[in-house]
Amino acid sequence: MIKYIVVGLLVFIVYITFAGSLSTYTVMTGLLVSTVLSIMSAKYLVVDEKKLFDLKRLLYAVYYFVKYMTIIEIKAHMDVVKRIINMDIDPGIVKVPVNVKSRYARLLVMGSITNTPGTVVVDEKNNYFYVNWIKVTTFEPVEARRIISEEFEYYAYKIFE
Amino acid sequence: MIEAVLFWIGAFLFILGGVFDLLAAIGMIRFPNFYVRLHAATIGAIYGAVLPLIGISLMALGIPELPGRYAVAGASFITAIILLVVAPVGSHVLAYAAHKSKSVPWSPVVDALEKDEEK
């Protein structure tokens, strides 16, 4: 039951933020839309209800979002911008082991890797990501994981597992 | 006072987004093949689109006389978050399809995926 309320509340907040108004009409439509969507999708979206009440996970998610958008992205962007200017590229596809298990955590790691310029996840097989890397500095999977995805996995583990 | 600060931070992010878009476009032209150009496209998608959208949202909050400013701000912010979630899926699917169909000739330093598929 709780997962339906939480998903509905999230949809409602997104709807109201997107509409940018608190008129009766918007609130009523928002309530209707969020109720229908939460009934339809909550059972697929939420696997473990207990995790919804863990405030630490939410704080980690907010901290990770801010850190990702500022520090991590600036570093990666400046690196690729430098390569655009000096054309110092050695592209290739390396194997990166992935240790997190849940689907959400894997999606977060995959999204984080792909959203950082310089690395794109091409495929996933047997607990390995195959990452297209603009400047391959190592062929060793463990070493590549340390450079590419160790930090993302740390936060994915804290948020979703 | 706070509105002026929001407006100028937003304007800064907006202009920064334009600069990164320009750099991404130069990268698209200079890089040799599809797989490397994907990285330039990522620059255009994250700092070239998500950042200016957040900038627009802050700018809209900073202009009190703008009609419907909360709608502009809210819609921009939600769009930025959704873009952040769906953009990597698009990049991944493009790379996956290009690699599976072998339609892009390139000379990588190492191609672990092809090696593993041959096994």
Quick check for me: using +1 on Lys/Arg Cβ and -1 on Asp/Glu Cβ, what's the dipole size of the protein assembly as shown about its Cα centre, in debye to the nearest 20? 380 debye
Once R0 is set to 30 Å, what does the formula 1/(1 + (r/R0)^6) return for the Cβ-Cβ distance between residue A:4 and residue A:63, expressed as a FRET efficiency to the nearest 0.05? 0.60
What figure in square angstrom, to the nearest 10, would you give for the accessible area of residue B:118 with a 1.4 Å probe? 140 Å²
Could the peptides A:78-86, A:128-136 be put in order, highest first, of the mean number of other beta-carbon atoms found within 10 Å of their residues? A:128-136, A:78-86
What percent does the relative contact order of region B:2-118 come to when contacts are Cα pairs within less than 8 Å and at least six residues apart? 29 percent
Each label sits 7 Å from Cα toward the beta-carbon; between residue B:101 and residue B:2 the label points are separated, in nm, by 5.2 nm
Give the accessible surface of region B:2-118 per residue, rounded to a whole number of Å², with probe radius 1.4 Å and ligands, DNA and RNA excluded. 49 Å²
Using alpha carbon centroids, what distance separates region B:29-63 and region B:1-28, in Å? 10 Å
As a percent rounded to 5, the proportion of antiparallel DSSP bridges among beta bridges in chain A is 90 percent
What angle, in degrees between 0 and 90 and rounded to the nearest 10, separates the Cα long axis of helix A:150-160 from the longest principal axis of the Cα atoms of chain A? 20 degrees
Calculate the dipole size of region A:54-160 relative to its Cα centre from +1 charges on Lys and Arg beta carbons and -1 charges on Asp and Glu beta carbons; express the result in debye to the nearest 20. 320 debye
Could you work out how far the C-alpha centroid of region A:122-150 sits from that of region B:65-107, in angstrom? 22 Å
From the square roots a ≥ b ≥ c of the eigenvalues of the alpha-carbon gyration tensor of region A:35-105, which class results: rounded (a/c under 1.5), prolate (a/b over b/c), or oblate? prolate
All-pairs Cα distance distribution in chain B, expressed in whole percent, bin size 10 Å: 13, 32, 26, 16, 9, 3, 0
From the helices alone, meaning DSSP H stretches of at least four residues, give me the mean residue ellipticity at 222 nm for chain B, per-run term -39500 (n - 2.57), in deg cm²/dmol to the nearest 500. -26500 deg cm²/dmol
Based only on the alpha carbon positions, what is the Kirkwood hydrodynamic radius of region A:2-51, in angstrom? 11.1 Å
Please sort by residue number the trypsin sites (Lys or Arg not before Pro) in region A:1-81 whose DSSP state is loop and whose Cβ has at most 12 other Cβ atoms within 10 Å. none
Near residue A:50, which aspartates and glutamates are there with a Cα under 16 Å away, not counting those fewer than 8 places off in the same chain? A:161
Output the Kirkwood hydrodynamic radius of region A:54-160, Cα pairs only, in Å rounded to one decimal. 14.3 Å
Surface accessible to a 1.4 Å probe, per residue, for the residues of region A:81-161, Å²: 44 Å²
Please tell me which of these pairs span more than 30 angstrom C-alpha to C-alpha: A:135/B:119; A:75/A:158; A:67/B:102; A:51/A:125; A:3/A:75? A:67/B:102; A:3/A:75
Which of A:53, B:53, B:26 sits closest to the plus end of the dipole of the protein assembly as shown, meaning its Cα is farthest towards the positive end, when Lys and Arg get +1 and Asp and Glu get -1 on the C-beta? A:53
Could you tell me the total accessible area buried at the B-A interface, probe 1.4 Å, in square angstrom to the nearest hundred? 3700 Å²
With Rg and the Kirkwood Rh both taken from Cα atoms, where does Rg over Rh land for the protein assembly as shown? 1.00
Take chain A, connect every pair of alpha-carbon atoms lying under 10 Å apart with a spring to form a Gaussian network, then pick out the residue of A:55, A:31, A:22 with the largest mean-square fluctuation. A:22
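The values are calculated or read from the model by the stated rules, or taken from the named source; none is laboratory data. All values reported here derive from a predicted model rather than from experimental measurement. No Cβ is skipped: glycine too gets one built from the backbone with ideal geometry, and neighbour counts run over all protein chains shown. For the accessible areas, the whole protein counts, side chains as well, though only heavy atoms, and no ligand, DNA or RNA atoms are used. Shrake-Rupley method; radii C 1.70, N 1.55, O 1.52, S 1.80 Å.
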